[in-house]
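Engineer: First, the structure itself, so that you have it in front of you.
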Amino acid sequence: MGVIGWFLSACQTPEGGGKPPRAQKGYLDLQSWDFAQHGNLNLDGQWHFAPQKLLSPRDNFQFSRWATVPELWHKGWQPGFGFGTYQLVIALPHEHPPLSIRLNSFGTSYRFLSTSANWRKMAR
């Protein structure tokens, strides 16, 4: 499943004290994540980022940098204005419970897109 979106997060860390997986170089492997035992997790880590480009799943992605999520989107490269596209590819187990994404309030506009038929297009 590939997900394109703006700062996505769920809500909690796993019970039992283990560290949840983190996105690395635009990829988050949840194939061994036990949702029943550990519950929700944040989609933190390194995401692909294309500054000054608004891309869709149909576009040929040319990501020029990594962005750490959560963090200020423009940190280290531009003043606090502009736009861009984040991408995170998520590998899920073959069998998993129904999933949802909780998007925090951003105070700005965004569009969440996914290549999976299981997600609905959301915009604010």
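The values are calculated or read from the model by the stated rules, or taken from the named source; none is laboratory data. Here the structure is a predicted model, which means the values were calculated and not measured. No Cβ is skipped: glycine too gets one built from the backbone with ideal geometry, and neighbour counts run over all protein chains shown.
Engineer: Within the set of pairs 6 or more residues apart or between chains, which connect a residue that is in contact (Cβ under 8 Å) with a residue 40 or more places away in the chain inside region 59-72 to a residue that is not hydrophobic (A, V, I, L, M, F, W, C) with Cβ atoms less than 6 Å apart?
Structural biologist: That search, which allows pairs on different chains as well, returns 66/46; 69/44.
Engineer: Another question about this same structure. For region 7-34, give me each residue that is at pLDDT below 85 and more than 22 Å from residue 66 (Cβ to Cβ).
Structural biologist: 11, 12, 13, 14, 15, 16, 17, 18
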